[in-house]
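Have a look at the structure below, then the notes.
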Amino acid sequence: MPMTLEQLNSASQEAAAQQLDGLYEHSPWIAEQALHERPFTSLAHLKHAMCEVLAHAGRDAQLALIRAHPELAGKAMVSKTLTAESTNEQSKAGLTDCTPEEFAKIQKLNADYNAKFGWPFILAVRGPRGLGLNKRQIIDAFERRLHGHPDFELAECLRNIHRIAEIRLNDKFGVEPTLGHKVWDWQEKLAQHSDPGFAELGQLTVTYLTDAHRACAQGITQNMRDCGFDEVYTDAVGNVVGRYHPATSSGKYLMTGSHYDTVRNGGKYDGRLGIFVPMVCVQQLHQQGKRLPFGIEVVAFAEEEGQRYKATFLGSGALIGQFNPAWLDQQDADGITMRAAMQHAGLCVDDIAKIQRDPAQYLGFVEVHIEQGPVLNQVNIPLGVVTSINGSVRYLCEVIGTASHAGTTPMDRRRDAACAVAELALYMEQRAAQDGDSVATMGQLQVPNGSINVVPGRCTFSLDMRAPTDAQRDVLVADILAQLQAIAERRGVRVKAELTMCAAAAPSAPEWQARWERAVSALGVPLFKLPSGAGHDAMKLHEVMPQAMLFVRGENGGISHNPRESTTSCDMQLCVDAFTHVLNQLASELS
Ligand SMILES: [Zn+2]
């Protein structure tokens, strides 16, 4: 019989500790200390309490915990002295039947890892879906993490230990994140479609209106129909729209969704998570035969990433009447115009203007998205409420100095363009850090036609500066540009700075942000708020209706726009629960 949370909350300290035995390898003290936080409102609450215990236990205790773990496919496995939990996990991953070559490879990795860090390599081998990683995935993770910084690697081991404990805890309580699994599996299935050239390499790339893109649209359409949406259609720009009707025909709609296109060699969750989470919620409503006082419109946006054509946010932009007809004549790398691609896909270009929504028909827009950054991962919190989508400004700049002989020009007579820019790069870094939540990046930096023996006469570079409010961003930009001028004057070089993009910040609508906050708190997840550093479809809808976003923690340090992007089905389940909670809040507000 699996235990219940009520039993755990009411048991004596000793009995409760006994119930939680084995969660952390040979380290019962973590659960024991966390039990002082009883009563727990949810397993998520208990999990976080245990994370907090370990976070405050100090480095020695953390290292002792890591060292209490057996090596993967190590001596303990061979001599069958692993704990029952570890045996189960390692055998599920197929580590108990390695070929001699694989075994030798893992032994070497274990030895190298131990020599570098001084502790064993820890990986939650049951993986983000709980089904078990395969040997290839395990060896890849091992090889990659061998190159990590020791501080990062220590944290990564602890995160994996928490993940192992999470799965063990779910097993004890007989909890399966069923809806999280469903969302996970849909994403896995959708990721089978990838553009030619990438598909062969096992990489995920889905750009606007390619065959793979249209296959995704078809897959999502079918999923929506299966879920019980009342209307499912593809609109004039390729967005897949699913509408679940309100209880009465006069009800307004909640709009939600995200994008299904990807960057080149991207992740499986970026965008798609925000389509499938509300879809599974609608499926639940349909199965229960439930109608809400409002309708739900899930939009799978066809284009957000601006990969094939320079038309970023095309999908959501079209819904607010921002489709630029000039885009139709843009050509992709193969010379195919957007117009031709649309015609080939059977889209009716003349209907694009008609898909503009009337904001009066909508309550607002919410979007769920994988965080795409390291913050939630670092604080061990699965969900984060977005306060604002950062305003961003981009410049392309150039510094012109004097190219001269690298051997004969004395240091005090140089007009070195690259050194001027280097000075700005360091200033920019510390100036953005000063705000706490601003960011600034020099992502491009070139010495055009530079030579090894020539003092750089020209240096071109980019600036990308973002902050949660336009005012904060503008001060940041002004300071950095003023510094550029000052550096140029002092060094006797000239500067050019061309503004190439300026996007307003999109602060979350307070009442919508509050709904996410209530939902997260109700799940027993600590409330954590953060701005979004990346742009999202919600930015576009922000221009016409209230919006707020919810972030889901990413694994692997929160890496995104990368095949290693990941999150767990447990976190996806929490996200589904939070979304359902928001739907219920709205229903009771409106009834
Ligand atoms: Zn995205």
Antiparallel content of DSSP bridges confined to the chain, in %, to 5: 70 percent
The simple spin-label model distance between W29 and A115, using points 7 Å out along Cα→Cβ, in nm, is 3.2 nm
Suppose R0 equals 60 Å; then what is the FRET efficiency for Q585 and V454 from their Cβ-Cβ distance, rounded to the nearest 0.05? 0.40
Cut-off under 5 Å, modelled amide H: who pairs with S532 long-range: T387, S388, I389, N390
With every protein chain left in place, what is the accessible area per residue of segment 1-140 in square angstrom, probe 1.4 Å? 49 Å²
How long are the semi-axes of the equivalent ellipsoid of segment 151-220, defined as square roots of 5 times the Cα gyration tensor eigenvalues? Whole Å, largest first. 34, 19, 8
Would you kindly derive the ³J(HN,Hα) couplings of segment 268-277 from the backbone phi angles with the Karplus curve 6.51 cos²θ - 1.76 cosθ + 1.60 (θ = phi - 60°), listing them in order in whole Hz, with x for Gly and Pro? 8, 10, 4, x, 4, 4, x, 8, 7, 4
Added length on full extension, which subtracts the Cα-Cα distance from 0.36 nm per residue, K529 to D21: 179.6 nm
When a/c is below 1.5 the answer is rounded, else prolate if a/b is larger than b/c, else oblate, so apply that to the chain with a ≥ b ≥ c taken from the square roots of the Cα gyration tensor eigenvalues. oblate
Mean accessible surface per residue for segment 473-591, computed with a 1.4 Å probe while every protein chain stays in place, in Å²: 39 Å²
With the radius of gyration and the Kirkwood radius both derived from the Cα set of segment 294-384, what is their ratio Rg to Rh? 1.07
FRET efficiency (Q330, Q218; Cβ distance; R0 22 Å; to 0.05) is 0.30
Would you work out the relative contact order for the chain, in percent, from Cα pairs under 8 angstrom that are 6 or more residues apart? 16 percent
Chain lengthening between Q192 and H36 when straightened (0.36 nm per residue, less Cα-Cα): 51.5 nm
Grab the Cα-Cα distance for T402 and Q378, subtract it from 0.36 nm times how many residues apart they are, and report the gain in nm with one decimal. 4.1 nm
Please give, to one decimal in nm, the separation of the simple spin-label points placed at D464 and Q343, each 7 Å out from Cα toward the Cβ. 3.5 nm
Could you give log10 I(q)/I(0) at q = 0.17, 0.28 Å⁻¹ for segment 193-237, computed by the Debye formula over C-alpha point scatterers of equal weight, without solvent? -0.54, -0.93
What is the dipole size for segment 1-147, taken about its Cα centre, with +1 at each Lys and Arg Cβ and -1 at each Asp and Glu Cβ, in debye to the nearest 20? 520 debye
Cross-link pairs K189/K268; K92/K135; K47/K135; K92/K172; K47/K80; K92/K116 - those with Cα-Cα distance over 19 Å: K47/K135; K47/K80; K92/K116
So if we plug the beta-carbon distance of H561 and T409 into 1/(1 + (r/R0)^6) with R0 = 35 Å, what FRET efficiency do we get, rounded to 0.05? 0.25
Calculate the spin-label point distance for V175 paired with T4, positioning each point 7 Å from the Cα along the beta-carbon direction, and give it in nanometres. 1.5 nm
Lysines whose Cα lies under 19 Å from that of K310, excluding same-chain neighbours fewer than 8 positions away: K540
Quick query: amide H of V368 versus all other amide H atoms, modeled in the peptide plane; which residues come in under 5 Å with a sequence gap of 5 or more or a different chain? G257, L550
Carbon and sulfur %, accessible surface of segment 1-149 computed with the full protein complex present, 1.4 Å: 55 percent
So for segment 157-228, taking the charge dipole from beta-carbon charges (+1 Lys/Arg, -1 Asp/Glu), which of Q187, T205, I164 sits furthest toward the positive end? I164
CD proxy, 222 nm, the chain: helix-only mean residue ellipticity via -39,500 (n - 2.57) per DSSP H run with n ≥ 4, per residue, nearest 500, stands at -13000 deg cm²/dmol
Cα shape, segment 176-331, gyration tensor, a/c 1.5 rule: oblate
Placing unit charges on C-beta atoms (Lys and Arg positive, Asp and Glu negative, everything else neutral), compute the dipole magnitude of the chain about its Cα centre in debye, rounded to 20. 600 debye
Within segment 307-332, which residues have the backbone N less than 20 Å from the label spot 7 Å out from D350 along Cα→beta-carbon, could you tell me? 323-329
When only alpha-carbon atoms count, how far does segment 433-591 stretch along each of its three principal axes, as whole angstroms with the largest first? 71, 34, 26
For segment 189-285, what is the accessible area per residue in Å² when the probe is 1.4 Å? 33 Å²
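The values are calculated or read from the model by the stated rules, or taken from the named source; none is laboratory data. Since we're looking at a predicted model, the values are computed, not measured. Glycine gets a Cβ as well: all are built from the backbone with ideal geometry, and neighbour counts include every protein chain shown. Only protein heavy atoms, including side chains, enter the accessible area calculation; ligands, DNA and RNA are left aside. Shrake-Rupley method; radii C 1.70, N 1.55, O 1.52, S 1.80 Å.
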